[in-house]
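The values are calculated or read from the model by the stated rules, or taken from the named source; none is laboratory data. The structure displayed is predicted, hence computed values, not measured ones. Cβ sites come from the backbone with ideal geometry, for glycine too, and all protein chains shown count toward neighbours. Side chains are part of the model used for accessible areas, which takes the heavy atoms of the whole protein and leaves out ligands, DNA and RNA. Shrake-Rupley method; radii C 1.70, N 1.55, O 1.52, S 1.80 Å.
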Amino acid sequence: MAEASEQKEDISKRPAFGNRYLTDNTKVFEHNAWDNVVWDDEQEQDARQKIKQQELTQASPQDREKYEKDADRYWNDFYSQHQNKFFKDRHWLFTEFPELLPKNSTASLGREHAKSEADGSTADSSHNKHASVSGSLEPEPLDGKSKGNHGHCVSDIDNLDLEECEKSSKVSSGVSEMNQESKCLSCSRTQKTEGDIFPGEHATYRILEIGCGAGNTVFPVLQTNNDPGLMMYCCDFSSNAVQLVKDHPEYDPRRCHAFVYDVTDNDMQIPFPENSLDLVIMVFVLSAILPDKMYSVIAKLSRFLKPGGMFLFRDYGRYDMAQLRFKAGRCLSENFYVRGDGTRVYFFTQDELKDMFTKSGLVEVQNLIDRRLQVNRGRQLKMYRVWVQCKYRKPKHAETETEIEKE
């Protein structure tokens with residue numbers, strides 16, 4: 001308990017990233033990272049030109065079909081190789097998404113902003129500006145290269161001062177043999193309290209993470225949020241990843257329910273009813289799904305939010321360094337690529353996400369572009385990262401009627 005208390009205190013003191021600005025280019029290598037880095041016209045034009053060149057040599061239709069059909073195998077291979085040693089725990093999430101903190105938390109971090117978002121009194125869309133947010137740097141494997149045994153990217157610019165290598169997702173279409181685990185509600189009966197209709201039926205606050213991996217979001221949330229009424233649901237496309245979560249020493253079926261789930265498969269059942277979740281969180285997950293299926297995924301998950309519930313989202317932005325570094329033949333379709341290990345990634349714009357979330361009936365609370373310049377001071381290298389962060393809320397019935405009248 002003392003450790004958890006100290007952890008919450010650390011979170012409340014953690015400074016936000018969005019306060020270090022580069023005003024003198026001669027001082028660029030004085031720090032590891034700079035926030036709210038606005039690109040000039042020449043830099044953006046150069047990025048567009050690189051994307052056009054990539055699209056000239058797309059992967060063959062046969063390869064595109066293979067990566068879609070065998071998506072589960074690629075992610076299972078990933079977790080078989082790396083186990084739970086590849087990604088760092090995402091303690092930065094509590095800075096970006098204070099909704100994950102316990103309701104009675106004494107942490108002051110984001111409290112005023114979180115309250116205004118929860119009641120819908122503010123909406124920070126930032127569509128016409130570059131807004132920096134305080135998330136941790138989460139770069140992905142560059143150029144699709146394989147990863148080292150200690151969780152570092154192995155590429156032609158390895159040993160760069162990157163905090164961690166981050167995957168984009170664990171969900172796609174196709175069902176492996178072990179995915180049958182979540183085909184029906186009966187699969188989770190061992191984790192129900194006797195008499196429950198579904199796991200966590202009596203919980204007062206329910207969170208679902210899509211694409212949980214080895215638990216790098218799940219366990220920080222469970223460690224930090226000591227709300228006795230919390231139930232944390234988590235699922236992943238990879239059966240190997242879900243098993244890593246269940247084998248974790250802190251996995252407690254009274255507070256957490258992990259299950260294998262392909263979010264693009266409409267025949268697979270989710271072990272809780274619609275309108276039952278307070279939060280859905282997707283962090284570097286939607287980008288690995290076939291673009292044609294993205295909207296249906298968001299629309300489906302939105303049905304499980306309670307009225308007033310929130311969708312928390314963070315993923316890769318258009319022209320991120322990782323996108324610009326893909327080699328010829330790695331482009332599957334417009335802004336959609338395959339890495340060397342067979343996993344895939346898409347790079348979003350704010351407007352694309354706004355369109356999908358609002359068409360799913362959700363109300364925009366936040367839609368931010370995070371442009372950050374990360375540098376390697378030893379090698380004098382600059383790395384421009386771009387992420388998009390969103391919060392969308394499911395309106396209450398009265399709000400829905402108002403929104404329809406406005407349209």
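So between Trp39 and Arg254, what do we pick up on full extension, going 0.36 nm a residue minus the alpha carbon distance? Display every interim value, and only then the final one.
On the way: separation 215, 0.36 × 215 = 77.40 nm, distance 4.81 nm.
Net length gain for the segment: 72.6 nm.
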Cα→Cβ-extended label distance, 7 Å offset, between Arg377 and Arg48, nm = 3.6
Which order do Thr343, Thr57 take by accessible area at a 1.4 Å probe, largest first?
-> Thr57, Thr343
List the residues whose amide H sits under 5 Å from the amide H of Gly308, counting only those 5 or more places along or on another chain, with H placed 1.01 Å from N in the peptide plane.
-> Lys394, Lys396
Area accessible to solvent at Lys394, 1.4 Å probe radius, in Å² | 40
Given the protein chains as shown and a 1.4 Å probe, how many square angstrom of Phe237 are accessible, to the nearest 10?
-> 0
Given labels modelled 7 Å from the Cα in the Cβ direction, how far is it in nm from Asp267 to Ser333?
-> 2.2
At 7 Å along the Cα-to-beta-carbon direction for both Lys306 and Asp292, put a label point, then send me their distance in nm to one decimal.
-> 3.8
Using amide H atoms built 1.01 Å from N in the peptide plane, name the residues 5+ places from Glu209, or on other chains, whose amide H lies under 5 Å from its own.
-> Tyr233, Cys234, Cys235, Ile281
Report the full-extension gain for the segment Asp63 to Leu324: residue separation times 0.36 nm, less the Cα-Cα distance, to one decimal in nm.
-> 91.9 nm
From phi via Karplus (6.51, -1.76, 1.60), per-residue ³J(HN,Hα) for the stretch 265-282 in Hz, x at Gly/Pro = 8, 6, 8, 7, 8, 9, x, 7, x, 5, 6, 10, 9, 8, 9, 10, 10, 10
Just the number, please: carbon plus sulfur as a percent of the accessible area of the stretch 284-407, 1.4 Å probe, no ligands or DNA/RNA counted.
-> 48
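For each pair in Lys103/Lys391; Lys50/Lys394; Lys69/Lys354; Lys50/Lys391; Lys50/Lys382; Lys327/Lys382, compute the distance between the two Cα atoms and list the pairs where it is over 26 Å. Could the numbers behind the result be given before it?
Values: Lys103/Lys391 18 Å; Lys50/Lys394 38 Å; Lys69/Lys354 29 Å; Lys50/Lys391 31 Å; Lys50/Lys382 17 Å; Lys327/Lys382 19 Å.
Those over the limit are Lys50/Lys394; Lys69/Lys354; Lys50/Lys391.
Between Tyr384 and Arg73, what length in nm is gained on full extension when 0.36 nm per residue of separation is reduced by their alpha carbon distance? Don't skip to the answer; put the middle values down first.
Details: separation 311, 0.36 × 311 = 111.96 nm, distance 3.14 nm.
Full extension of this stretch gives 108.8 nm more.
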